[in-house]
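The values are calculated or read from the model by the stated rules, or taken from the named source; none is laboratory data. For clarity, every value in this text was computed on a predicted model and none was experimentally measured. Counting neighbours? That spans all protein chains shown, and the Cβs are built from the backbone with ideal geometry, glycine included.
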Amino acid sequence: MKIVILAPGLPNKGGAARFTWEFSEYLASQKDDVTIISLYSDKNLFKEKNRLKIIDLADKNSMTQSVKFWINLSKTRKKIRNLIKELKPDAILFMNFPSTLWAQKFGNIPVLCYPQDINLLYTNTYIKNLSKGKYFFWLVLRQLIRIIDKNRWKNFDEIICHSNFSANNISKTYNVKTKVILLGTRTDVFRSTKKEKKKVILSIAAQKTQRADFLINSIRNLLIETKDTELWIVGSSEQHDKDLKQLTSDLKLSDKIKFFGRVSDEELIDLYSQSLVVVHLVRQPPFGLIVTESMACETPVIACHPGGTDETIIHNETGFLIDENDHTSLIKYVKKILDNPELSMEMGKKGRERVQKKFELKSKNKELRELIRKWITEKQNNK
């Protein structure tokens, strides 16, 4: 098969970019020819290989949050149409907002969509931490974008969601039918390195939406009072790092909180494996690869719900679910794990078993590939 994947960008190895790349690699391994069209990709992280090519339409200064992106929206759609004519793919897969804004019909070529979430357009999760001027700019612009976006979804032959939570949100918002294929995790890669567990709380917090500031403020007394306990924060965003380090200094916690910045997958797996618990505080998370990656490395997770986390975590068995602003429960469950390292190991083993059984990447990739193949066959038979 010859497949084009349209993605907003591959600027880092965050959840959406990681899934796009891993699925593309899987297709290439099955001898499919894959072209990823995106605004920008970090070529140090994502390297072209046999049967897998990347076409960047712009640069890292033209991503969704920039004015450039919106000014060039119509031009970008035209560029994509010309590229599709040139590439002549058997199928097209759109990944996540805002690539949905580029959606259009391409003759008899099946057009599918695998949206990660629609929070940017329909909640304040991603904009509430912006400066006042940018916040109100986004509120106004968002109303216009919603109108454009809703009109684009009629172009999709199939919409595949990565959790039932996302499927329900998208079905209600766009009045469309959806199919669910849960996101997968590579359990052959994400597995415990068997390093000794330390009294460490781990937070993956490259963005403000991951709310490491809420975590720090909630557990600061616990960190001070509990001997040898540390909070490790992973992720890289210059201003966000600066803000968190300032907060750490203001609270006199510099000896209790370590910042790791951007890390490789190998380093991340080591960090997961050494930690007693991972805390993931995104509001209404559509899924959360951090959760299944941590569980695959035999480390329990404390996460917010409602969200896709209700489908990944079994409360009191593989981790704990809390309401988004419930710092009392957050403190209680962190303390419970710190006081009982054996509980962390027990929950961790159950977590890995759950990921192996329900979220293995290879089986999910195979399911999505077969769905694409089905649509290609159906379109060709209906010519």
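Laid out as a table, the results:
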{"item": "Residue list for region 181-200, filter: surrounded by 15 or more Cβ atoms within 10 Å (Cβ to Cβ), within 27 Å of F165 (Cα to Cα) and not aromatic (F, W, Y)", "result": "I181, L182, L183, G184, T185, R186, T187, R191"}
{"item": "Strands (runs of 3 or more DSSP E) contained in region 145-264 and holding at least 3 residues under 21 Å from V278 (Cβ atoms) and touching a strand residue (DSSP E or B) at 6+ places or on another chain (Cβ under 9 Å)", "result": "200-204, 230-234, 257-261"}
{"item": "Helices (runs of 4 or more DSSP H) contained entirely in region 274-383, each with at least 3 residues that are closer than 25 Å to E22 by Cβ and of a type in the set (D, E, K, R)", "result": "341-358, 361-381"}
{"item": "Yes/no for K336 being at pLDDT 95 or above, of a type in the set (K, R) and within 20 Å of L268 (Cα to Cα)", "result": "no"}
{"item": "Of residues in region 80-110 being modelled with pLDDT under 85 and in contact with a strand residue (DSSP E or B) (Cβ under 9 Å, 6 or more places away or on another chain), the one nearest to G307 (Cα to Cα)", "result": "N96"}
{"item": "Matching residues in region 323-352 - criterion: being closer than 11 Å to E298 by Cβ and either surrounded by fewer than 14 Cβ atoms within 10 Å (Cβ to Cβ) or of a type in the set (K, R) (or both)", "result": "K349, K350, R352"}
{"item": "K60 being among the charged types (D, E, K, R) and modelled with pLDDT of 80 or more", "result": "no"}
{"item": "Only listed residue being of a type in the set (G, A, S) and without any contact (Cβ under 8 Å) to a residue 12 or more places away in the chain, chosen from S275, S344, S329", "result": "S329"}
{"item": "In region 114-135, residue surrounded by the most Cβ atoms within 10 Å (Cβ to Cβ) [restricted to those that are among the aromatic types (F, W, Y) and modelled with pLDDT under 65]", "result": "Y126"}
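Rundown of residues vs (1) at pLDDT 80 or above; (2) among the β-branched types (V, I, T), yes/no style:
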| position | (1), (2) |
| --- | --- |
| L112 | yes, no |
| F137 | no, no |
| L141 | no, no |
| K154 | yes, no |
| I170 | yes, yes |
| K179 | yes, no |
| T187 | yes, yes |
| K199 | yes, no |
